[in-house]
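To keep things clear, I will list the structure first and then write my remarks on it.
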Amino acid sequence: MSLMDLIPTALRALPRDAVVLFLTRFLRLFAYGALSVVLVFYLVSLGLTTAQVGLLLTLTLAGDIAISLLLTTRADQMGRRLTLIVGAILMAGAGIAFASTHNLLFLIVAGTIGVISPSGNEVGPFLSIEQAALSHVVSAASRTEVFAWYTLAGSVATALGALCGGAASGIVQKASFSASDSYRVVVLLYAALGMALAFLFLNLSSSTEVRDSVPEGGSAAKKFLGVGHSRSIVFKLSSLFALDSFAGGFVVQSFAAYWFYLRFGVPPAKLGVIFFWANVLAGISALLASRLASRIGLVKTMVVTHLPSNVLLILVPLMPNLVLAVVVLLIRFSISQMDVPTRQSYTMAVVRPEERSAAGGITGVARTAGAAISPIFVGFLFSRPALIDVPFFVAGILKIGYDLALYRGFAAVRPPEEAD
């Protein structure tokens, strides 16, 4: 058996642009994962209260909404490569600013204008534009599988980032640095990886750009925020995705890590190991999602894998000790992300090709908007010891409601490849 035989079929034929996009995805999610484990610890070490941290993270995500909407709805006109480079520069700038000040006002400004991920998940304009570009350079038949591997690359990167972020801060502290300085090392790494992304995006070719900006039988004048014929379905999906992310915002990785510290006294280094395995399992599950989707369809796959993961989310704070809480968390992560590549593939499939960047941007902004509201509530809940478990219950119940609404609204709306 040769080395090529070990490479999945969908990845063997990846064009050069797709390889670059996989690499940028990996580096970006590594940076997000590293930062997410230490971000709340870092901000608290600067003297911020947990309520102020919640406010800051909410305003940071609110800023990401504005930046993402501005860039993604104009990406096809500005050029996808240029838009991605601008996003990378904003990511690097935010990291430098966070490492340079402890002033709450300055941190809010930097977080609002720049790109900071408190959750370890995608923020900013990157994901929707990369997905649109990938959909241009791979076939419809292989799109979901490619998206599954793309999701896996991100999950593995987030896992490694979480592991390295926690370990790096621990190593620096052992070298007699202060806690805030040890966390600042990770923040500076985040900024450096942002600059590396800008360099990689320079290597994308014109094949990733829109080939026909005006659809047959339509006109640019009929578009709103970059979508015309696809407007109705995009806005319906956006409202549901916003609900899902609002729920998920109650248990973003930064706060989930801090919850383990408050509840069981787990230090950042051990938290890095926990979330390393959590994200590895999440990434592997994405591969199973593509196979399941080929049998039962994209929408059904989203729902039947997401529902049980939300029940497990509710069970995490009910566990009496650390071992059981971690086990339930890991089982939950092993199925919680199976809806990600299917959701992304479904969105790209049911809109017109020339509206993919905008559709991905609008749905992505909706997700960010939903997630932006939650941390301010979580910050207040975490400031009251008796209420630190509540975010898990709220998140699980709301996410179950999202699953049921998604199935009811879109089970009959099938992508072209499932039409037969």
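Among residues of region 306-318 that are over 12 Å from Asp244 (Cβ atoms), those with a Cβ under 6 angstrom from a residue that is open to solvent by 10 Å² or more (accessible area, probe 1.4 Å) and not in a helix (DSSP H, G or I), sequence gap 6+ or separate chain, pair up as Pro317/Asp389. Of all residues in region 336-373, those being within 25 Å of Phe255 (Cβ to Cβ), of a type in the set (A, V, I, L, M, F, W, C) and part of a helix (DSSP H, G or I) number 7. Answer with yes or no whether Ser336 is within 25 Å of Gly283 (Cβ to Cβ), touching a His at 6+ places or on another chain (Cβ under 8 Å) and of a type in the set (Gly, Ala, Ser). Judged against the criteria, Ser336 is a match. The set of residues in region 378-388 that are touching a residue at least 40 places away in the same chain (Cβ under 8 Å) and surrounded by 15 or more Cβ atoms within 10 Å (Cβ to Cβ) comprises Val378, Gly379, Phe382, Ser383, Ile388. Hey, could you check region 276-305 for residues that are within 21 Å of Ala167 (Cα to Cα) and open to solvent by 10 Å² or more (accessible area, probe 1.4 Å) and say which is modelled with the lowest pLDDT? Result: Asn279. When region 226-248 is filtered for residues that are open to solvent by less than 30 Å² (accessible area, probe 1.4 Å), small (Gly, Ala, Ser) and at pLDDT 85 or above, the ones remaining, listed by number, are Ser238, Ala242, Ser245, Ala247, Gly248. Take Pro308 and decide whether it is open to solvent by 20 Å² or more (accessible area, probe 1.4 Å) and not in a helix (DSSP H, G or I). No: the conditions fail for Pro308. If you go through region 399-414 and pick out every residue that is part of a helix (DSSP H, G or I) and either out of contact with any helix residue (DSSP H, G or I) (no Cβ under 8 Å at 6 or more places or on another chain) or open to solvent by 50 Å² or more (accessible area, probe 1.4 Å) (or both), you end up with 3. In the condition set (1) open to solvent by less than 40 Å² (accessible area, probe 1.4 Å); (2) without any contact (Cβ under 8 Å) to a residue 40 or more places away in the chain, Val323 is compliant with all but (1).
I need every pair where a residue in region 54-69 that is closer than 19 Å to Gln253 by Cβ has its Cβ under 6 Å from the Cβ of a residue that is open to solvent by less than 30 Å² (accessible area, probe 1.4 Å) and not in a helix (DSSP H, G or I), sequence separation at least 6 or different chains. Cβ pairs passing all conditions: Leu57/Pro118; Thr60/Ile116; Asp64/Val123; Asp64/Gly124. Filtering Leu90, Leu27, Leu23 for residues that are more than 23 Å from Gly283 (Cβ to Cβ) and under 20 Å from the mean Cα position of the chain (by Cα) leaves a single hit, Leu90.
I need the full set of residues from region 55-77 which are among the small types (Gly, Ala, Ser) and surrounded by 24 or more Cβ atoms within 10 Å (Cβ to Cβ), in order please. Of everything in region 55-77, those that are among the small types (Gly, Ala, Ser) and surrounded by 24 or more Cβ atoms within 10 Å (Cβ to Cβ) turn out to be Gly63, Ser68, Ala75.
One line per residue, one yes/no per condition, for (1) in contact with a Gly (Cβ under 7 Å, 6 or more places away or on another chain); (2) among the β-branched types (Val, Ile, Thr); (3) within 30 Å of Leu84 (Cα to Cα):
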{"site": "Glu354", "(1), (2), (3)": "no, no, yes"}
{"site": "Val378", "(1), (2), (3)": "yes, yes, no"}
{"site": "Ser383", "(1), (2), (3)": "no, no, no"}
{"site": "Pro391", "(1), (2), (3)": "no, no, no"}
{"site": "Ala395", "(1), (2), (3)": "yes, no, no"}
{"site": "Tyr402", "(1), (2), (3)": "no, no, no"}
{"site": "Arg408", "(1), (2), (3)": "no, no, no"}
{"site": "Glu417", "(1), (2), (3)": "no, no, yes"}
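The values are calculated or read from the model by the stated rules, or taken from the named source; none is laboratory data. All of these numbers come straight from a predicted model, not from anything done at the bench. Don't worry about glycine lacking a Cβ; one is built from the backbone with ideal geometry, like all the others, and counts go over all protein chains shown. Ligands, DNA and RNA are excluded from the accessible area calculation, which covers all protein heavy atoms including side chains. Shrake-Rupley method; radii C 1.70, N 1.55, O 1.52, S 1.80 Å.
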